[in-house]
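Below is one structure, written out as structure tokens; the observations come after it.
What follows draws every value from the coordinates through simple rules; no lab data is involved. Just so you know, these numbers come straight off a predicted model, no measurement behind them. Positions of Cβ are backbone-derived with ideal geometry, glycine not excepted, and every protein chain shown enters the neighbour counts.
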Amino acid sequence: MSDSQFNSTQLAIIEKFGFTSETLFSSIASIPSTIDGLVALLEVTNALYRAGFPVIDDQKYDAIRQSLIELEPSHPFVNTVEPELVVDSKTVALPQKMLSTDKAYSFEEIERWISRLKKAATEIGVEESEIEIRVTPKLDGYAAYDDGTRLYTRGDGVRGQDITRAFERGLQVANNAGRGLGPGEIVIKKSYFDEVLSEHFENSRNIQAAIIAEKKVDKNVKKAIDDGACVFYPFSAIEHWTGHFTEIQSDFDTIVERIWNAVDFDIDGVILETTQEAIKSHMGATRHHHKWQIAFKVNDETADVEVVDVIPQTSRTGRVSPVAELVPTKLSGATISRVTVHHYNMVKSNGVGPGAIVQLVRSGLVIPKIEKVIKAAEPKLPENCPSCDSHLIWEADHLICPNKSDCPAQTENTLIHFFKTLGNNDGFGPKVIEKLSQNGIRHIHEIYQIEVSEFIGIGFGEKTSQNLFDQLNASKEIEIEDWRFLSAFGVSRLGGGNCEKLLQHHDLPALFEVSVEQMVQIDGFAQVSAEAIVEGLANIKEEFFKVYGLGFTLASTTKLSEQIEGDSPIAGKTVVFTGTMVQGSRGDMEKQAKALGAKVAKSVTGKTDYLVTGEKVGETKITAALAKGVEVISEQDYLLMIG
């Protein structure tokens, strides 16, 4: 995907969360494995959705959210209502909390939810014959709350913005239900959108956001309001089905279909909730959703489309993404002519090439994806990078350009990665690097050669220029680990952990002479990884030694032959440090543990032997570790244990 496929508002949102269009779709195609990466992806996709520009469907979003839950169950993002896009406007307290809704994508999940209702009923003495369920359409609109005087956005579920101006513009309440009915959604009639507004707006969410805009409302939207096509629909006034839970179990599909088609508005599912107030009170809610309520959702917008060509695009991270050019096809009201294929292994293994027939899925109004290949063709695989013509290498499912230093598509990201990984220079963030890149600076060593006067000439102020110059000199003098320095060059498959493993066997300069055969002999390096790393090191060798020669202060990694294992009680054990340490920094303690033969990890898993706790450690983290059978010890006990 390229910037040209987004408007200025969308690009502003994407950049606000630290992405570009390329890195956003790269993250969507290959879900991040870190907590920070998952949170960032959830934040940007949530913000785009709430601003009227959804880029992934709910099922994909929920899958990413579930990945975060598995890594960090107590993370604030998954335990609170997903926030609306923050805008520069004052927030006010909502009259009552507005929570999100838990989701299900199968009847089996609905069955499990009904079982929880029955269990709650038994616990409080409510007969199963009294358990009724109300089913309503899940409107795909803009969540709001009407207290009769003011209309609020949902915000973060506790505080929102005053958007009473929407009623002042003529917004009506659906079915003449009247004001003050609490939570609901701002929506627009599907039939009206298709007949009148589809030529002016890409999707109805754009209109929902425009209705509450602080500035003058769009004339087409104002007409829709005047025509009664845009309304605020209170949940309490919406069409519904109510019956005993056994009817849901026996006739689920019929009930869902009936409610799905009950209103002339976009919906993205149906909501099921118990009507028994005692059960509601007993089950309660998490900080994210009510336990007595659940949404059932499906994804079924599809079309079979012929592939015209497959074009490679190199991202700033070096990953080469396949973009399928298609015979233009109408899907969910939009003409689709291009779609990003997940990765080149899909192209290779499924036969995605000119003449192939693929099934597109476009759930709701999000960017489509290839669901499956109906008819395979000869796959079209590039051998060289379209940006710099370097030979491409395989990394898992992806083709990668290993030329981090001189590939035009990657140079800016390479510079950002270097300073971010180095971690001792706060001045050279993305904005500064972007400005340097725009002025022809392409390499790390070139940045370290810039004088104060040159920074000023590029457009930085005098004080900023002096600070940047001073920080560059300081970053060479502040001691950093040699493995971190090597990792900062961004070689494919050579993150901090692998850098440290290699440097336990070879000195840093000598590492560039290590052969594939020698590397394979080191525990943890398979043939494919070794080949990719050796090629990657060869690509950065010239630039590496130019930077290395600037005289950085590097702390050498302790060689395995020098490590003190012997009778060490933690030799071969996996240790995680958490909290604020008193004895020294966490980094120092990790380094000491490695010297004693331990494996140091960053997060607790079932394979962790010890969780060493310093000060200010949350009870949730300790409880989760104990539940996995991990031995939790204090910093003092740990120090006594290692002597």
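What number, rounded to the nearest 500 deg cm²/dmol, is the helix-based mean residue ellipticity at 222 nm of the chain, given -39500 (n - 2.57) per DSSP H run of at least four residues and division by all its residues? Mind dumping the intermediate values first?
On the way: 24 runs with 232 residues, N = 643.
Theoretical 222 nm ellipticity from helices: -10500 deg cm²/dmol.
What is the helix-to-structure angle for 586-595, meaning the angle in degrees between its Cα long axis and the longest Cα principal axis of the chain, kept from 0 to 90 and rounded to the nearest 10?
So the inclination is approximately 50 degrees.
To the nearest Å, what is the center-to-center distance of segment 414-491 and segment 584-603, using C-alpha atoms only?
Rounded to whole Å, the Cα centres lie 29 Å apart.
Using Cβ counts within 10 Å as a stand-in for footprinting exposure, how do TYR638, TYR142, TYR105 rank, fewest first? Display every interim value, and only then the final one.
Working: TYR638 22, TYR142 25, TYR105 17.
Ordered by Cβ neighbours within 10 Å, fewest first: TYR105, TYR638, TYR142.
So what's the gap between the Cα centers of segment 238-282 and segment 526-544, to the nearest angstrom?
Taking the Cα centre of each part, segment 238-282 and segment 526-544 sit 57 Å apart.
Mind listing the phi-derived Karplus ³J(HN,Hα) values for segment 343-351, rounded to whole Hz, using 6.51, -1.76 and 1.60 with θ = phi - 60°, and x for any glycine or proline?
6, 6, 5, 5, 4, 5, 7, 9, x
Quickly work out the VAL92-to-VAL308 label distance, labels modelled 7 Å from Cα along the C-beta direction, and quote it in nm with one decimal.
Here the answer is 5.2 nm between the modelled labels.
Which whole-number value in Å³ per residue fits the convex hull of the alpha carbons of segment 300-401? Could you put the intermediate results ahead of the total?
Numbers: hull volume 9.7 nm³, N = 102.
About 95 Å³ per residue, rounded to a whole number.
When averaged across all projection directions, what area in nm² does the alpha-carbon convex hull of segment 220-345 cover?
On the way: hull surface 56.3 nm².
Approximately 14.1 nm², given one-decimal rounding.
For the chain, take the longest principal axis of its alpha carbons; what is the angle in degrees between that and the long axis of helix 411-422, to the nearest 10 within 0 to 90?
70
Would you list TYR448, TYR152 from fewest to most Cβ contacts within 10 Å?
On the way: TYR448 17, TYR152 23.
Ascending number of Cβ neighbours within 10 Å: TYR448, TYR152.
In degrees, nearest 10, range 0 to 90: what is the angle between the Cα axis of helix 107-124 and the longest Cα principal axis of the chain?
So the inclination is approximately 70 degrees.
Toward the positive end of the charge dipole of the chain, about the Cα centre and with charges on Cβ (Lys, Arg +1; Asp, Glu -1), which of ALA93, ILE35, VAL307 goes farthest?
So the residue we want is ALA93.
Taking the inverse of the average 1/r across all pairs of different Cα atoms in segment 565-642, what Kirkwood radius in Å do you get?
Result for segment 565-642, one decimal place: 12.4 Å.
How large is the dipole of segment 143-192 about the Cα centre if only Lys and Arg carry +1 and Asp and Glu carry -1, each at its Cβ, rounded to the nearest 20 debye?
Result for segment 143-192 is approximately 180 debye, rounded to the nearest 20.
Please work out the FRET efficiency for the pair THR605 and SER281, using the Cβ-Cβ distance as r and a Förster radius of 56 Å; give the result to the nearest 0.05.
For R0 = 56 Å, the calculated efficiency reads 0.90.
Taking neighbour Cβ counts within 10 Å as the exposure measure, how do ILE69, ILE133 sort from fewest upward?
ILE69, ILE133
Between SER129 and GLU479, what length comes free when the chain is fully extended (0.36 nm per residue of separation minus the Cα-Cα distance, one decimal in nm)?
118.9 nm
Calculate log10 I(q)/I(0) of the chain for q = 0.06, 0.08, 0.12 Å⁻¹, where I(q) comes from the Debye formula with a single equal point scatterer on each Cα and nothing for solvent.
So the normalised log intensities work out to -0.43, -0.76, -1.40.
Report the full-extension gain for the segment LYS330 to ILE31: residue separation times 0.36 nm, less the Cα-Cα distance, to one decimal in nm. List each step's numbers first, then the result.
Details: separation 299, 0.36 × 299 = 107.64 nm, distance 2.83 nm.
Gain on stretching LYS330 to ILE31: 104.8 nm.
Computed from the mean reciprocal separation of all distinct C-alpha pairs, what Kirkwood hydrodynamic radius does segment 404-562 have, in Å?
16.5
So if we plug the beta-carbon distance of GLN518 and MET641 into 1/(1 + (r/R0)^6) with R0 = 41 Å, what FRET efficiency do we get, rounded to 0.05?
Here the calculated transfer efficiency is 0.65.
With +1 on the Cβ of every Lys and Arg and -1 on the Cβ of every Asp and Glu, and nothing else charged, how large is the dipole of segment 300-401 about its Cα centre, in debye rounded to the nearest 20?
180
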